[in-house]
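Remarks on the structure that follows.
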Amino acid sequence: MPELPEVEVTARALARRFDGQRVTAVRIYNRQLRWRISESLAHCLTGERIEHISRRGKYLLWYLRSGVLISHLGMSGSWRVHEARCAPARERHDHVEVECNGAIARLNDPRRFGALLWHAHSCGDVLRHPLLAHLGMEPFDPRFDGDWLFAATRGRRSSIKQVLLAGKTVVGVGNIYATESLFAARIHPQTRAGRITRRRYVRLAAAIRAVLAQAIDLGGSTLRDFRGADGVNGRYTDFAQAYGRQGRACVRCGTPIRRLVLGQRATYFCPRCQRP
Ligand SMILES: [Zn+2]
């Protein structure tokens, strides 16, 4: 499933080629994504200039003059950029094409849990859209730090791992990234979020940013790298220090890494240097 780093890399790749460009054509081959693509979408986009493409949580936001195209990759979606004059033939699950001045962005989504929605500026701020309004803090937002995490988790009885995965406090810390961040910050994944000290949250906030930044770097070069369900994760896991390493020696202390299932998700930790 595409996680925040893959979506960030996609946003950057799309922005590089499409920011400032005018949409010359929109072709929709299959409207049946998670929600049916609106009949008026092509009309809304064609002829409009793309001001910029960015990301909020795992949503890609294409800001145009009169509204915002919201794209979510679901379980298996990916956007790929081609130059129109040498674009390969369309593949089976390529459902949508957006063309701008010689470049084509193609949305491929085999499982079709992704979404493509138009939000007119006249309907209000896109960040208040029901899909976006309740997302947690962005991990790269300057306001996100240890003090902020500490304040946001007072009174929380759930485990820190589950608080991170829920995405309502901070977005984008999926299972692998939560596991790795907690390992780096030496916090046991089952520790109650409300009992972690400010000092430890300072370490955790820094770890979350470092882990996500590394994953974004590893996903960096082309859209093709992560088109599968596990693309960047697959590369990232080569660098993981805890995730998927049960029975192998902790890189810090040599104790075998343990695996446990928390909220139906596998989690990995060092029982010696990750403390409750
Ligand atoms: Zn250890």
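Values quoted throughout were computed directly from the atomic coordinates according to the rules given, and no laboratory measurement underlies them. What you are looking at is a predicted structure, and each value in this text was computed from that prediction instead of being measured. Neighbour counts run over all protein chains shown; Cβ positions are idealised from the backbone, glycine included.
Residues whose amide H comes within less than 5 Å of that of residue 64, counting only those at least five positions distant or on another chain, are 51, 69 (H built at 1.01 Å from N in the peptide plane). Compute the Cα gyration tensor for the stretch 28-103, then decide on rounded, prolate or oblate, letting a ≥ b ≥ c be the square roots of its eigenvalues: rounded whenever a/c is under 1.5, prolate when a/b is larger than b/c in the other cases, and oblate in all that remain. Here the stretch 28-103 falls in the rounded category.
In this calculation the C-beta distance from residue 168 to residue 42 is compared with R0 = 30 Å, giving a FRET efficiency of 0.30. For the stretch 127-276, the square roots of the Cα gyration tensor eigenvalues, ordered a ≥ b ≥ c, give a/c of at least 1.5 with a/b no greater than b/c, which places it in the oblate category. Taken about its Cα centre, the chain carries a charge dipole of about 1360 debye when Lys and Arg each add +1 at the Cβ and Asp and Glu each add -1 at the Cβ. Computed from phi, the 3J(HN,Hα) profile of the stretch 253-265 under the Karplus parametrisation 6.51, -1.76, 1.60 (θ = phi - 60°) reads 10, x, 5, x, 5, 10, 10, 9, 9, 10, x, 6, 10 Hz, with x in place of Gly and Pro.
Helices in the chain, meaning DSSP H runs of at least 4 residues, each add -39500 (n - 2.57). Divided by all residues, the mean residue ellipticity at 222 nm is -8000 deg cm²/dmol. Just to confirm my numbers, what's the Cα centroid distance between the stretch 159-204 and the stretch 57-111 in Å? Cα centroid to Cα centroid, the span is 33 Å. Each of 64, 38, 257 was scored by the projection of its Cα onto the charge dipole of the chain, and the greatest displacement toward the positive side belongs to 257; charges sit on the C-beta of Lys, Arg, Asp and Glu.
Here r is the Cβ-Cβ distance between residue 199 and residue 89 and R0 is 45 Å; the resulting FRET efficiency, rounded to 0.05, is 0.20.
Between 266, 102, 137, the Cα set farthest toward the positive side of the dipole of the chain (charges on each charged residue's Cβ, about the Cα centre) is that of 266. Taking a point 7 angstrom from the Cα of residue 32 along the C-beta vector, which residues in the stretch 64-93 have backbone N less than 20 Å away? Residues 72-78, 91-93 qualify, since their backbone N sits under 20 Å from the label point. Taken about its Cα centre, the stretch 5-132 carries a charge dipole of roughly 200 debye when the Cβ of each Lys and Arg holds +1 and the Cβ of each Asp and Glu holds -1. In this Cβ point-charge picture (+1 for Lys and Arg, -1 for Asp and Glu), the stretch 89-218 has a dipole of about 1060 debye about its Cα centre.
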